[in-house]
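Contents: one structure, followed by commentary.
Derivation of every value follows stated rules applied to the coordinates shown; laboratory data play no part. Just so it is clear, the structure is predicted and the values come from calculations on it, not from any experiment. Neighbour counts are summed over all protein chains in view; Cβ atoms, including those assigned to glycine, are modelled from backbone coordinates with ideal geometry.
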Amino acid sequence: MTDWRVPLTDIEISEQDVQAVLDCLESGWLTMGPRTQAFEQALADYVGSPHAVTVSSGTAALHLACLAAGLGPGDEVIVPAFTFVASASAARYVGAEPVLCDVRSPLDFNIDPDDVARRITRRTRAVVAVHFCGYPAAVLALRELCDEHGLVLIEDCAQAIGARIDDTGRRVGTVGELGAFSFFSKKQLCVGEGGMVTTADEALAGRVRLLRSHAMTSSTWDRHRGHDPAYDVVDVGFNFRLDEPRAALGMSRLQRLQDGIAARRATVRAYRERLHDVPGVEVPFDDEAVERSSHFAFAVLLEDRQTRDRFREELKSKGIQTTWYPALHTFSDYRGYAPADGLPHALETADRHCALPLSSTMDETAVDTVVEVVREVVGA
Ligand SMILES: *Cc1c(COP(=O)(O)O)cnc(C)c1O
């Protein structure tokens, strides 16, 4: 079915976005130039991080964060089991071992710092805190824990650009040594494919910049501006660069990011108001978390997996698109990473949740349509 009454997500490209990309194409400079530099500066300002390095995807951002942190074979990296798989793949790219940990509960399905503490061994080197669905994880508690044990904290901010970690307005991506963001087409700030690494540490930022482009000591842009054409290669690097048209598009869309997040939050509030008394449907997180979240996705909880699967089928038949995230240790390539004592909250959340349509363009009528169908389906 492609003709959804309410699709899971939607993006709006403005005239200004189109013009920004056209201007870039007409400039004749297509990669690693002034638009990328301007976008990085604007992103650093927005996040409140001294350094922002754009890359080709959120996955590349996590990969370079792991490399910059010096993670490698023999190291353990603690990752929540309820997340998108890229959060854990990054550790494996560098030869480290992801150690899956649990989330707090289906009603607060972010990484559980107490479970992280239980899984620290002599080999643990880092923790990946995922701000899932846009809701900020408990990074201040994790910061303390990591400092106590000499661990690197990497924030996976792929779903949470603009989310606030406390009442001071401090944003995600500023607490860990490194933050990884995604500009994939479903994310709040989207350009198609793209990502970024944030850090307050100049040496880490330099390392990410170096590895992003073949570990070459000068860039095409440097050479274009008349700098020394000679360069050295000082490590095994990658081509994880973002190109200029995407930087132009990102810069244009960044101007509307706050409005987009506010619109998503208004939709989430409308959903919560209309769904709170629907029997058999629970709504995770509290009002405070809703204020801080940047709202990538809106999830509800059904009674169990069977009920959830039936619920999704019936919504689909009525034109409402939904999705859900399996727990990582239920994927065939991740079964070997399931800890002996299990991950009950991650499993229960994966089994029971269903993400309903959410985007910055969704209006109240669409919310009403979804809620009406939900009520019908659960017989309320
Ligand atoms: C989207 C996502 C990523 C990966 O980002 P890409 O840009 O798609 O590579 C990583 N972690 C989480 C939690 C994500 O949602």
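Points worth noting:
- Near-label residues of the stretch 47-77 by backbone N, under 19 Å of a point 7 Å along Cα→Cβ of Ser185: 56-60
- Taking each DSSP H run with n ≥ 4 as -39500 (n - 2.57) and averaging over every residue of the chain yields -12000 deg cm²/dmol at 222 nm.
- Volume per residue of the C-alpha convex hull in the stretch 85-159, rounded to whole Å³: 87 Å³
- Cβ-derived FRET efficiency at R0 25 Å, Glu291 paired with Val236, nearest 0.05: 0.05
- Compared with the direct C-alpha span, the chain from Glu313 to Gln37 gains 94.8 nm at full extension, assuming 0.36 nm per residue.
- Straightening the chain between Trp221 and Arg305 buys 25.0 nm, computed as 0.36 nm per residue apart minus the Cα-Cα spacing.
- In the chain, taking the dipole from charged Cβ atoms about the Cα centre, the farthest positive-side position among Ala126, Cys146, Ala299 is held by Ala126.
- Mean Cβ count within 10 Å, highest first, over the residues of peptides 192-199, 29-36, 118-125, 268-275: 192-199, 29-36, 268-275, 118-125
- Rg and Dmax, both from the Cα atoms of the chain and both in Å, are 21.0, 71.
- Separation of the Asp277 and Ser105 label points, Cα + 7 Å toward Cβ, nm: 2.4 nm
- Principal axis box of the stretch 258-378, alpha-carbon based, largest edge first, Å: 46, 33, 24
- Extension gain for Thr168 to Glu364 (0.36 nm times residue separation, less C-alpha to C-alpha distance): 67.5 nm.
- Ranked by the mean number of other Cβ atoms within 10 Å of their residues, highest first, the peptides 242-249, 65-72 fall in the order 242-249, 65-72.
- Estimated FRET transfer efficiency (Val378, Tyr93; beta-carbon r; R0 41 Å; 0.05): 0.45
- Unit charges on C-beta of K, R, D, E only; dipole of the chain, Debye: 580 debye
- Highest average first, the peptides 216-224, 104-112 ordered by how many other beta carbon atoms sit within 10 Å of their residues are 104-112, 216-224.
- Long hydrophobic helices in the chain: none of the complete DSSP H runs spans 30 Å or more by Cα along its own axis with mean Kyte-Doolittle hydropathy of at least 1.6.
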